[in-house]
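Undergrad: Below: one structure in structure tokens.
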Amino acid sequence: MKSVWLMIALAVGWQSSVSASELDRVLQQVKQGSSIEKKHAEQRVQQALGELSDARATLAEAQDKLKQTNASNIALEDRILQLQESLKQRRSQYQAQRESMNSVFKHVVEHGDLMLQRVSPHGLWQFDQSGFVQQKEESVDIAHIKSLWLALLEQSVLSSKTLRSEQTILLANGQQQIAQVTQYGPFNAYASGEGSSWLHYLAGEQVWMEMAPQPAIAVDPQQMVIDPSFGALLDKQANAPTWLERMEPAGVVGVLIGLIGLIGVGIAVVRSVALRKAKREIYAQMSEREASEGNALGRVMLASKQCHGAQLEAVIDEAVLKEVPNFKTGVGSLAVFASIPPLLGLLGTVDGMIETFRIITEHGSADSQLLSGGISQALLTTEMGLMVAVPLLLLHCGLKAQSSQLIEVLEQQSAGLIVLRQQADAQES
């Protein structure tokens with residue numbers, strides 16, 4: 001048993017010795033491996049440190065480049081902002097210049113149109129030598145502006161001249177005739193020949209035509225007659241309506257106003273003549289001692305001789321009162337006739353306005369020209385009424401003053417008669 005245990009102990013010891021040697025070898029290998037790994041690790045650390053140093057250098061270089069790049073970018077941004085601001089200013093300048101040029105072109109075209117509109121209707125354009133041709137705004141150039149300037153200058157010179165030329169004119173009956181046409185610039189023209197006549201220019205047909213009817217202004221080659229309205233005044237004078245034509249729209253109301261005016265004027269004339277005659281007779285009687293029945297004062301004097309005493313004053317007053325109506329005859333009627341025309345004029349105006357609005361309602365038109373024409377015709381009766389009423393009122397005032405003056409003279413003379421008769425009666429008694 002002891003031998004067994006001994007053998008076991010020897011085996012374990014042998015194994016222990018074997019294991020110990022192996023462990024030493026392993027330990028030695030580990031130590032050697034650790035040294036190698038340490039070297040490798042140190043190499044890797046050195047390599048990493050080198051790479052880190054290189055990376056830091058690269059980073060520093062990159063940071064420097066970044067700073068340079070940022071500075072360059074800031075400078076570029078500032079430059080871009082400056083260029084953008086400069087571009088904005090140049091665009092605004094360009095836009096302003098473009099608008100200015102468009103305005104110039106527009107004014108050039110407008111002046112061209114205006115010149116043609118003003119010159120063409122008056123026959124001066126046939127003498128044009130500038131070669132001006134109107135164009136659109138987008139086609140305007142320096143040559144066009146220069147031709148317009150020449151045309152304006154040429155027309156200005158022509159407008160100050162008296163131009164004479166042989167031309168074909170249209171007569172009022174539609175026939176053509178060759179005559180010498182004399183133009184006073186753009187103002188007016190006349191044709192001289194067998195029968196001198198005023199002309200107006202037909203721009204569409206480019207021919208002169210005889211005015212029909214002719215103005216009541218004789219053509220005198222020795223004098224210069226200028227119409228500043230370019231023929232409009234001559235045409236207006238030639239077509240001026242007569243009094244009857246002007247009063248025709250007044251209708252029946254206008255006729256009534258005219259008749260009342262004539263009657264009133266007739267009454268005023270007749271009564272004024274009668275009062276003047278009565279005045280002359282009264283003043284003639286005042287210088288005569290013998291009474292005459294042919295005048296009012298004479299009749300009062302005759303009436304005073306037919307009574308005496310206390311009845312004298314009453315008889316003379318009665319004789320004067322009998323003469324007063326003769327002096328006042330027609331004065332009240334004239335006042336009535338003077339008040340009627342304004343009322344008739346108002347009636348005609350109201351009737352004309354009603355008719356005007358009726359026509360507008362029927363035609364459904366809001367034409368201001370039609371409305372103004374209707375109102376002007378409606379107001380014609382009011383104008384006529386006032387034109388008749390005002391003179392009649394003045395005639396009434398004059399007639400009333402004449403009659404009042406005669407009545408006052410008659411009353412004064414009657415008072416004198418009473419005094420004289422009373423003095424005579426006192427002397428007799």
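The values are calculated or read from the model by the stated rules, or taken from the named source; none is laboratory data. As the structure is a computational prediction, the values presented were derived from the model and not from experiment. Heads up, the Cβs are rebuilt from the backbone with ideal geometry, glycines too, and the neighbour counts pull from every protein chain shown.
Undergrad: Determine whether GLY251 is at positive phi and modelled with pLDDT of 70 or more.
TA: yes
Undergrad: Still on this structure: Pairs, please: C-beta under 6 Å, at least 6 apart or cross-chain, first residue at negative phi and hydroxyl-bearing (Ser, Thr, Tyr) and in the range 277-293, second surrounded by 11 or more Cβ atoms within 10 Å (Cβ to Cβ) and part of a helix (DSSP H, G or I)?
TA: Pairs found: SER292/GLY298.
Undergrad: So ALA335 fits all but one of (1) more than 60 Å from the chain's Cα centre (by Cα); (2) of a type outside the set (Val, Ile, Thr); (3) assigned to a helix (DSSP H, G or I); what number is the exception?
TA: (1)
Undergrad: Quick check on PRO325: is it more than 30 Å from LEU379 (Cβ to Cβ) and at pLDDT 80 or above?
TA: Yes: the conditions hold for PRO325.
Undergrad: Give me a count of the residues in the range 379-429 that are touching a His at 6+ places or on another chain (Cβ under 8 Å) and crowded, with 16+ Cβ neighbours inside 10 Å.
TA: So the answer is 1.
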